[in-house]
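A quick write-up on the structure given underneath.
Derivation of every value follows stated rules applied to the coordinates shown; laboratory data play no part. Note that this is a predicted model, so its numbers are computed, not measured. Quick reminder, even Gly has a Cβ in these numbers, built from the backbone with ideal geometry, and neighbours come from all protein chains shown.
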Amino acid sequence: MEGYIVVVKGKPEGPYTMDQLKELRIKPGTFVKTAGMDDYKEAHEIPELCELLGMKTQVRRPQYFASLDVRLLAIIVDYFLVFAIYCVIATVTVLFINEKEARIIAALSGLGIIPIAKMIYSIVAEASKKQGTYGKVLMGLKVTDEAGLPITIGRSAVRNLSKLICVATLGLGYAYGFFDKRQQGIHDKIAGTLVIKDRLL
């Protein structure tokens, strides 16, 4: 089990084992982290510490919501990634085809699969431990429910399938986010999700 690094008087100390944490008598607001965590969290935000130390779990409402331009950039990164993978698969495939016309048809016929692959990838990635696709993680974004908690695969599916409504309305569903204080598009409203940043910068 990973040890916890604890911030004591402004300085990180440790790592400490769970038994050592009991002796430290840390408070709910004490900042802690493990080697596997991206950033420090307050002790009350970590369920296993709450259970160990007898603290009540507190849910902190999201404070920073991802702007639509940053979210768009994340989408571009994701599509580039999916397209790059498609190009590799298509290149390998056409190597086994002799006729030039058949090669072209084989290479182009799969382009329609890219949006479907991207949607499936988004559904799985947003419900994962990372709470986002590679593009979102790169931009420091996470997909959560309206309380700031990770979403289930079902909610992720509703969120991503609801994007079809945004597309059908010629992007108006996405543009709705410009007028919403939490930057929620129609698909986020339907699924009850947020795209957040852990920090303002």
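Enumerate the helices in the chain for which the Kyte-Doolittle hydropathy averages 0.5 or more and the C-alpha atoms extend at least 15 Å along the helix's axis, using complete DSSP H runs.
Those that pass (Cα extent of 15 Å or more, hydropathy at least 0.5) are 68-94, 113-126.
Only sites in a loop by DSSP and with at most 15 other Cβ atoms within 10 Å count here; which trypsin sites (Lys or Arg not before Pro) in region 113-153 make the cut?
Within region 113-153, the qualifying trypsin sites (Lys or Arg not before Pro) (loop, at most 15 other Cβ atoms within 10 Å) are Lys129, Lys130.
Given the -39500 (n - 2.57) contribution per DSSP H run of 4+ residues, what per-residue ellipticity at 222 nm results for the chain, rounded to the nearest 500 deg cm²/dmol?
After summing the helix terms and dividing by the residues of the chain, the value is -13500 deg cm²/dmol.
Determine the dipole magnitude for the chain: charges of +1 sit on the beta-carbon of Lys and Arg, -1 on that of Asp and Glu, nothing else is charged, the reference point is the Cα centre, and the result goes in debye to the nearest 20.
420 debye
Which three extents, in whole angstrom, do the alpha-carbon atoms of region 4-53 cover along their principal axes, largest first?
21, 18, 18
What do you get for chymotrypsin sites (Phe, Trp or Tyr not before Pro) in region 1-101 restricted to DSSP loop and a cutoff of at most 13 other Cβ within 10 Å of the site's Cβ?
Phe96
Does anything in region 65-100 have its amide N under 17 Å from the 7 Å Cα→Cβ label point of Phe179, and if so which residues?
68
Averaging sequence separations of C-alpha pairs under 8 Å and six or more residues apart, then dividing by the length of the chain, give the relative contact order as a whole percent.
That works out to 17 percent.
Just tell me the longest site-free run in the chain, where the sites are GluC sites (Glu not before Pro) in a DSSP loop having at most 12 other beta-carbon atoms within 10 Å.
No qualifying site falls inside 100-201, the longest such stretch.
Given region 100-201, what whole percent of its Cα pairs are spread farther than 23 Å?
32 percent
Extending each Cα 7 Å along its Cβ direction at Glu146 and Phe80, get the distance between those two points in nm, one decimal.
The answer from the label model is 3.5 nm.
Could you give P(r) for the chain, binned at 10 Å from zero, as whole percent values over all Cα-Cα pairs?
Pair shares across the bins are 8, 27, 25, 20, 12, 5, 2, 0.
Starting with the fewest neighbours, write out Thr152, Thr144 ranked by other beta-carbon atoms found within 10 Å of each beta-carbon.
Thr152, Thr144
Which loop trypsin sites (Lys or Arg not before Pro) in region 19-54, with loop taken from DSSP, have no more than 11 other Cβ atoms within 10 angstrom of their Cβ?
Of the trypsin sites (Lys or Arg not before Pro), the ones in loops of region 19-54 whose Cβ has at most 11 other Cβ atoms within 10 Å are Arg25.
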